[in-house]
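*Asks:* Before anything else, here's the structure in question.
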Amino acid sequence: MASGTFKILIVDDEPNIVMAIKHILEDERFTLYEANDGETALKLVKDTDPHLIILDVMMPGMDGFAVAKSIIRSENSADTKILFLTAKGTSKDKLQGYASGGESYMIKPFDNDDLLNQVLYLLELE
Amino acid sequence: MDAKIVVLASLFYLILLFMIAMYAIRSANNGRSIVNNPYIYALSLAVYCTAWTFYGSVGRAAQTGFSFVGVYLGPTITAPLWYMLMRKVILISKKLHITSVVDFISSRYGKSTFLGFITTIFLVIGIIPYISIQLKAIGSSFDIITQHFSDATFWDSNVFYRDKVNYFTILLAIFTILFGTRHLDPNERHEGLIAAIAFESIIKLGTFLIGGIFVVYFVFDGFSDIFSQAAANTNTSRLITFAEGPRSSANWFWVLVLSAVSAFFLPRQFHVAVVENTNVSFVRQASWMFPLYMLVINIFVLPIAIAGLLKLPTNAESDMFLLSLPLSEGHSWIALLIYIGGFSAAASMVVVSVISLSIMVSNNLLMPFLLKTKSAKHASSGALSNASLQIRRIIIVVILFLSYMFYKLVSYNYPLVSIGLISFAAILQLFPALIGGLFWQRANKKGAIFGILAGFVIWCITLPIPTLAESGIIDPKLISEGYFSLSFLKPYALFGLDQMDSISHSCFWSMVFNITTFVGFSMFTDQDVDELTQADIYMNIEKYTDNPDIEIIKKEASAKRLKQLLFRFLGAEKATAVLNAYDGKISSTDDDKATSEFINYVERILSGAFGAASAKLLISPNIRQQTISIEQIREVLNQTKEIIEYSHALENRTEELQRTTIELAQVNKQLQHLDELKAEFISTVTHELRTPITTIRSFTQMLEKKTDLSPEKRKEFLHIILKECDRVKRLINQVLDVEKLDNHEGNMGKTHVNSTLQFAIDRLMPVIDEKNITLTVKFPDIHSTVNLDEDKLLQVFLNLLTNAIKFCDTQEGKIHISGVTDAHTLKLSFTNNGKPIPVGFMPQLFQKFTQVKDGNLAKPEGSGLGLFITKAYIERAGGTINVFSSEAQGTTFELVFPKDR
């Protein structure tokens, strides 16, 4: 795993999607972590205190909204930003995403460049 | 026993009754009626059990054994009909303020004065003998209880002032006047009287049981002792068998009919059951309590009769066994109790009968004539009301005097029961007109009048007249030679019919003439307007109780004159009360024109006080009635009937609509639920589609944009894309399968299990080999088939195998497939040695879009629909699928199919 300034945690239960995102965010500035479910994600957040979490919503066990709320509630991750990346695309879902502490909300399938730009934007690298 | 004690006891008992009655009246005035409950109502009906029951049944049992139960069996058998019939009669009577059985008949047939007149005369003639035997019972019981004392010689029934029955009659007259004619009540309700009657019913039952228990358990040694002694004695053994004489079945039949009719329509029964009824619903309870009362009071009749025959001298009067037995055993105090019970039975019958007769005679016999005289028309306020009470008091005295005379002349020589049955036979003559009036629209006045007259004549010549002949009052030759010495007019063998006893004979012929005349006249003559409207009320009482103001004939009257009418005939006090009780509109406008509602009210009030026929006479000069033809009125009646039917139909329709609405709401709910399921399904499917497409899109974009990718990476990406495309394909296929399930598409075919399974294994063999999985198959039977299309069964096997492969142990994968058959079933199991399915997951395993995902496992290649579809297919073939999963045994899917033949 590359060691960069910005720690990014990718949470998705689809290994192929995680793999795709990892390829898209191939950049020496980023350190990438991955998790396939909510519980693992929370553990990693505690251990690594990432700058950004790319978070899926529909996962077995804890869903993305619940994960986001838990992260926001814990104090040491107050400046962690969350980018929801999910197949749930209704405006109600979006609202719920923002309400649970998401900074941004993207819908699957996504454009690789859009994702990269969004990540850069959230990390204030542009 | 000393006569003074007996007289004192009688007096004391009357005073007690008086106090009970006064208490009931006081309670009623304070608004707490003690009479207004079903128990008192049922007890008051027991006025049916008279001295005839108390003494006479024993007498009859001593002569003929079991036949005494006939008069109780009749009302008991018909008790279920009671509710139906009495409910209707009570509703009509309350509606029309009917106060006697005569009023009930006269009102039905156009408020006919003449019909009321003849029915009243007839009933008085029929009932007086019945009252006379009650006097006889009192007299005989007094004689028996006092016979051992010297001063009893003072009483000599041949000397008027020394005849004690005379004094008892006077006492009863006083009692009746005090309670029956306290005031003129439009409803003729007498709470005090009913309380006293109910109390007397308890006393007669209680004392009879005391007598019975004394005889059975103290004189004898229980029931079995009495009956075994009875069987041993030739004189009594006949009593405990049903002797089948040639006449007995006809006699049984008529006794049952007579007693059933009498229990409904004897004037005193009608009075307590209908006129004094405070709540229609009491009839329901009374219809079992009243028969129960009769059953209990009859338990000891036969044992007492047997005991009397065994223990008493042969010349002892069998009617008085109950009293003589304790006397002969030296228990005069028990005898005194029994005497009081008998006195009770007689007194209650006499008082109620005389009151009901006095109402009839006054309202239906005298009032119509009185009203036609000039003085009545100009009577001052309340005069008629007072006159009516005076008249009733006189009538009471006259009726009791006549009964006394009859007792002196006739009853003295006859046993109690036979005279009672003669009275019953008289009541029977009203039965066709009563029942026809309730259930036959066409029944008319002429039919009723001539039917009753015909029945009356036959009754007279076949029962009372020959009875008089037998007692020697008229020439006894009549019986053997026939009327006018015509042999076909012999009173006991009319038209040569000599196969029946006198009661059956009389009932038979009187009913033949009565019914044919009644039906004949009703069929061939017409009804007038009043008959038609009254018939409609009787036939369709529900219509009138639900809709109080059906106006059939338009009537006009001055409200002021109607009020004056009330004041003149009821007196100021009563009239004011009656007007205050009326809560409808009196006049339609200020112009003094009375509403039809008020006119009807006034007429009903006057009917209550003076009878329907008299009320009609009173009110008709004051109202102008629209002249209307029979055809018109028929039309109006039909219309009102149609309106009622229509509103009933509407009610039914509304109910139906309500039901449909509820059903629709349920269906709607189901549909909504289905719709939600569908929406959820679609949203899940699109989500499931989005996931592989996301991967495909992402990698495709990278392949397109990142020109610097190594060939290995490119190959890897392309492989992923291909896999995800397959996933999309699978998903789409399975969604289509699910859709097919919903549409119940697909036909049934028979498919060989063995070859299909082999085909599935062959298909997946490359994957199995690739993953180094050991597959064992143990399936000996090669002929079994299941009822499922081949492609579907293949799908089932493929799904289960894919599943097994997917969740196999990643290092040393093992899959075992086995098949077992027996006579009825085919069992298949697919076992893999992977990690067990999480327990919490089991319930939803076979639901749509359920996937076991494990972070440590590679992403399974499932759609989440596989097991759902598998289960549905298996069930379609009549089979079941179950899953067992544990750490040690691995996971087994077990399929059971019914064996196809």
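The values are calculated or read from the model by the stated rules, or taken from the named source; none is laboratory data. Just so we're clear, the structure is a prediction, and the values are computed from it rather than from any experiment. Note that we place each Cβ from the backbone using ideal geometry, even for glycine, and neighbour counts take in every protein chain shown.
*Asks:* Please specify each residue of region B:462-497 satisfying the condition of being assigned to a strand (DSSP E or B) and of a type outside the set (Lys, Arg). Even if it seems obvious, please write down each step before you answer.
*Replies:* First, pick out the residues of region B:462-497 that are assigned to a strand (DSSP E or B): B:489-490, B:493-494.
The answer is B:Leu489, B:Ala493, B:Leu494.
*Asks:* Kindly evaluate B:Ser504 against the criterion of being in contact with a Phe, Trp or Tyr (Cβ under 8 Å, 6 or more places away or on another chain), touching a residue at least 40 places away in the same chain (Cβ under 8 Å) and crowded, with 20+ Cβ neighbours inside 10 Å.
*Replies:* Values: in contact with a Phe, Trp or Tyr (Cβ under 8 Å, 6 or more places away or on another chain): yes; touching a residue at least 40 places away in the same chain (Cβ under 8 Å): yes; crowded, with 20+ Cβ neighbours inside 10 Å: yes.
The answer is yes for B:Ser504.
*Asks:* Right, here's the next one. If I filter region A:65-85 for residues that are among the acidic types (Asp, Glu), in contact (Cβ under 8 Å) with a residue 12 or more places away in the chain and within 14 Å of another protein chain (Cβ to nearest Cβ), do I get at least one hit? Show your work before the answer.
*Replies:* From region A:65-85, those among the acidic types (Asp, Glu) are A:75, A:79; that's our starting set.
After this cut, where a residue has to be in contact (Cβ under 8 Å) with a residue 12 or more places away in the chain as well, the list is A:79.
Then drop every residue that is not within 14 Å of another protein chain (Cβ to nearest Cβ), which leaves none.
No: region A:65-85 contains no residue that is among the acidic types (Asp, Glu), in contact (Cβ under 8 Å) with a residue 12 or more places away in the chain and within 14 Å of another protein chain (Cβ to nearest Cβ).
*Asks:* Checking A:Gly61 against (1) in contact (Cβ under 8 Å) with a residue 24 or more places away in the chain; (2) loosely packed, with under 15 Cβ neighbours inside 10 Å; (3) more than 14 Å from chain B (Cβ to nearest Cβ), only one condition comes out false. Which one?
*Replies:* Unmet condition: (3).
*Asks:* Another question about this same structure. Run down B:Asp791, B:Asp762 and say which single residue is farther than 25 Å from B:Gly834 by Cα and among the charged types (D, E, K, R). Please lay out each step first, then the result.
*Replies:* Working: B:Asp762 fails: farther than 25 Å from B:Gly834 by Cα.
Selected residue: B:Asp791, the only one of B:Asp791, B:Asp762 that is farther than 25 Å from B:Gly834 by Cα and among the charged types (D, E, K, R).
*Asks:* Return the residues of region B:498-507 that are in a loop (DSSP other than H, G, I, E, B) and not acidic (Asp, Glu); say none if nothing qualifies. Reasoning before the result, please.
*Replies:* Step one: of region B:498-507, the residues in a loop (DSSP other than H, G, I, E, B) are B:498-501.
Matches in region B:498-507: B:Gln499, B:Met500.
*Asks:* Still on this structure, please answer the following. Can you work out which of the residues in region B:710-732 that are among the hydrophobic types (A, V, I, L, M, F, W, C) and within 9 Å of chain A (Cβ to nearest Cβ) is nearest to A:Leu116 (Cα to Cα)?
*Replies:* Applying the first criterion (among the hydrophobic types (A, V, I, L, M, F, W, C)) to region B:710-732 yields B:717-718, B:720-722, B:725, B:728, B:731-732.
Filter again for within 9 Å of chain A (Cβ to nearest Cβ), leaving B:717, B:720.
Numbers: B:Phe717: 19, B:Ile720: 21 Å.
The qualifying residue nearest to A:Leu116 (Cα to Cα) is B:Phe717.
*Asks:* Does B:Arg32 meet the test of being under 21 Å from B:Val351 (Cα atoms), charged (D, E, K, R) and surrounded by fewer than 20 Cβ atoms within 10 Å (Cβ to Cβ)? First the steps, then the outcome.
*Replies:* Details: under 21 Å from B:Val351 (Cα atoms): no; charged (D, E, K, R): yes; surrounded by fewer than 20 Cβ atoms within 10 Å (Cβ to Cβ): yes.
For B:Arg32, the condition - under 21 Å from B:Val351 (Cα atoms), charged (D, E, K, R) and surrounded by fewer than 20 Cβ atoms within 10 Å (Cβ to Cβ) - is not met.
*Asks:* A follow-up question, please. Residue by residue through region B:303-319, note down the ones that are under 21 Å from B:Cys49 (Cα atoms), surrounded by fewer than 24 Cβ atoms within 10 Å (Cβ to Cβ) and touching a Leu at 6+ places or on another chain (Cβ under 9 Å).
*Replies:* B:Ser318
*Asks:* Further, regarding this structure: Looking at B:Leu709, B:Leu703, can you tell me which residue is over 26 Å from B:Lys806 (Cα atoms) and assigned to a loop (DSSP other than H, G, I, E, B)?
*Replies:* Numbers: B:Leu703 fails: assigned to a loop (DSSP other than H, G, I, E, B).
On inspection, the qualifying residue turns out to be B:Leu709.
*Asks:* Just one of B:Leu336, B:Leu325 is assigned to a helix (DSSP H, G or I), surrounded by fewer than 21 Cβ atoms within 10 Å (Cβ to Cβ) and assigned by TED's automatic domain parsing to the domain that holds B:Thr236; which is it?
*Replies:* Numbers: B:Leu325 fails: surrounded by fewer than 21 Cβ atoms within 10 Å (Cβ to Cβ).
Going through B:Leu336, B:Leu325 in turn, just one is assigned to a helix (DSSP H, G or I), surrounded by fewer than 21 Cβ atoms within 10 Å (Cβ to Cβ) and assigned by TED's automatic domain parsing to the domain that holds B:Thr236: B:Leu336.
*Asks:* Could you run through region B:685-707 and say how many residues are more than 19 Å from A:Ile21 (Cβ to Cβ) and more than 9 Å from chain A (Cβ to nearest Cβ)? Before the answer, list the steps.
*Replies:* If we filter region B:685-707 for residues that are more than 19 Å from A:Ile21 (Cβ to Cβ), which is where we start, we get B:685-686, B:688-689, B:707.
Going one step further and asking which of them are more than 9 Å from chain A (Cβ to nearest Cβ), we end up with B:685, B:707.
Summing the residues that are more than 19 Å from A:Ile21 (Cβ to Cβ) and more than 9 Å from chain A (Cβ to nearest Cβ) in region B:685-707 gives 2.
*Asks:* Specify the residue that is nearest to A:Leu42 (Cα to Cα); the eligible residues are those in region A:86-97 that are over 13 Å from the mean Cα position of the chain (by Cα) and more than 12 Å from chain B (Cβ to nearest Cβ).
*Replies:* A:Gln96
*Asks:* Identify, from the list A:Thr5, A:Thr86, A:Thr40, A:Thr90, the residue that is farther than 22 Å from B:Pro838 by Cβ and at pLDDT 90 or above.
*Replies:* Working: A:Thr5 fails: at pLDDT 90 or above; A:Thr40 fails: farther than 22 Å from B:Pro838 by Cβ; A:Thr90 fails: at pLDDT 90 or above.
The unique qualifying residue is A:Thr86.
*Asks:* Of all the residues that make up region A:10-29, how many are without any contact (Cβ under 8 Å) to a residue 40 or more places away in the chain and more than 10 Å from every other protein chain (Cβ to nearest Cβ)?
*Replies:* 3
*Asks:* Here is a further query. Quick one: in region A:98-116, which of the residues that are aliphatic (A, V, I, L, M) and within 13 Å of the chain's Cα centre (by Cα) is surrounded by the most Cβ atoms within 10 Å (Cβ to Cβ)?
*Replies:* The residue in question is A:Leu115.
*Asks:* Does A:Asp47 count as more than 10 Å from chain B (Cβ to nearest Cβ), surrounded by fewer than 19 Cβ atoms within 10 Å (Cβ to Cβ) and without any contact (Cβ under 8 Å) to a residue 24 or more places away in the chain?
*Replies:* Values: more than 10 Å from chain B (Cβ to nearest Cβ): yes; surrounded by fewer than 19 Cβ atoms within 10 Å (Cβ to Cβ): yes; without any contact (Cβ under 8 Å) to a residue 24 or more places away in the chain: yes.
When the stated conditions are applied, A:Asp47 passes them.
*Asks:* Being within 38 Å of the chain's Cα centre (by Cα) and either modelled with pLDDT of 90 or more or acidic (Asp, Glu) (or both) is the requirement here; does B:Ile359 meet it?
*Replies:* Values: within 38 Å of the chain's Cα centre (by Cα): yes; either modelled with pLDDT of 90 or more or acidic (Asp, Glu) (or both): no.
No; evaluated as a whole, the condition is false for this residue.
*Asks:* Can we say B:Ser418 is buried (at least 21 other Cβ atoms within 10 Å of the Cβ) and either at pLDDT below 85 or under 16 Å from B:Ile127 (Cα atoms) (or both)?
*Replies:* Here the answer is no, as B:Ser418 does not meet what is asked.
*Asks:* Report those helices (runs of 4 or more DSSP H) wholly inside region B:48-155 carrying at least 1 residues which are surrounded by fewer than 23 Cβ atoms within 10 Å (Cβ to Cβ). Lay out the reasoning, then the answer.
*Replies:* Working: elements: B:57-64, B:70-77, B:79-96, B:101-108, B:113-146.
In region B:48-155, B:57-64, B:70-77, B:79-96, B:113-146 are the helices (runs of 4 or more DSSP H) which contain 1 or more residues that are surrounded by fewer than 23 Cβ atoms within 10 Å (Cβ to Cβ).
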